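The values are calculated or read from the model by the stated rules, or taken from the named source; none is laboratory data. Predicted model, so just to flag it, every value in this text is computed and none were measured. When we count neighbours, we look across all protein chains shown, and the Cβ atoms used for this are built from the backbone with ideal geometry, even at glycine. Side chains included, ligands, DNA and RNA excluded: accessible areas come from the protein's heavy atoms. Shrake-Rupley method; radii C 1.70, N 1.55, O 1.52, S 1.80 Å.
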Amino acid sequence: GAQRIALGTVLGFDLGGLRLRHDAGTTPGSSGSPGFTADLQCAALHHGSEPIRDSSGMRVAERRSFNQGIPLRPILRRMRGRGVPSFWE
């Protein structure tokens, strides 16, 4: 399919900074797509989205309340810690 750019804002971080929430509109199958800062630095990988759930955790709507990404810094830190050559720099 055609590639597209979705604009959005980081809404916050969770899981000790290992995930970020954003409101960019994505489509199914976009997991793994790069997330860029306003100055076009790759900062995260799109991971998925979440449906709206009630207080008991039951899904109440398919409409997503936010999208989720994985920040690159923890990934790169782990790769360096495992001795992976710095091919990305």
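Miscellaneous remarks
- Of all residues in the range 1-31 being aliphatic (A, V, I, L, M) and assigned to a loop (DSSP other than H, G, I, E, B), the one that is farthest from the chain's Cα centre (by Cα): 2
- Scanning the range 50-89 for residues that are of a type in the set (A, V, I, L, M, F, W, C), at pLDDT below 80 and part of a loop (DSSP other than H, G, I, E, B) turns up 87, 88.
- Residue 27 at pLDDT 90 or above and either open to solvent by less than 80 Å² (accessible area, probe 1.4 Å) or in contact with a Gly (Cβ under 6 Å, 6 or more places away or on another chain) (or both): no
Conditions tested, residue by residue: (1) closer than 17 Å to residue 19 by Cβ; (2) of a type in the set (Lys, Arg); (3) surrounded by 12 or more Cβ atoms within 10 Å (Cβ to Cβ); (4) without any contact (Cβ under 8 Å) to a residue 24 or more places away in the chain.
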{"position": "38", "(1), (2), (3), (4)": "no, no, no, yes"}
{"position": "47", "(1), (2), (3), (4)": "yes, no, yes, no"}
{"position": "58", "(1), (2), (3), (4)": "no, no, no, yes"}
{"position": "72", "(1), (2), (3), (4)": "yes, no, yes, no"}
{"position": "77", "(1), (2), (3), (4)": "yes, yes, no, yes"}
{"position": "84", "(1), (2), (3), (4)": "no, no, no, yes"}
{"position": "87", "(1), (2), (3), (4)": "no, no, no, yes"}
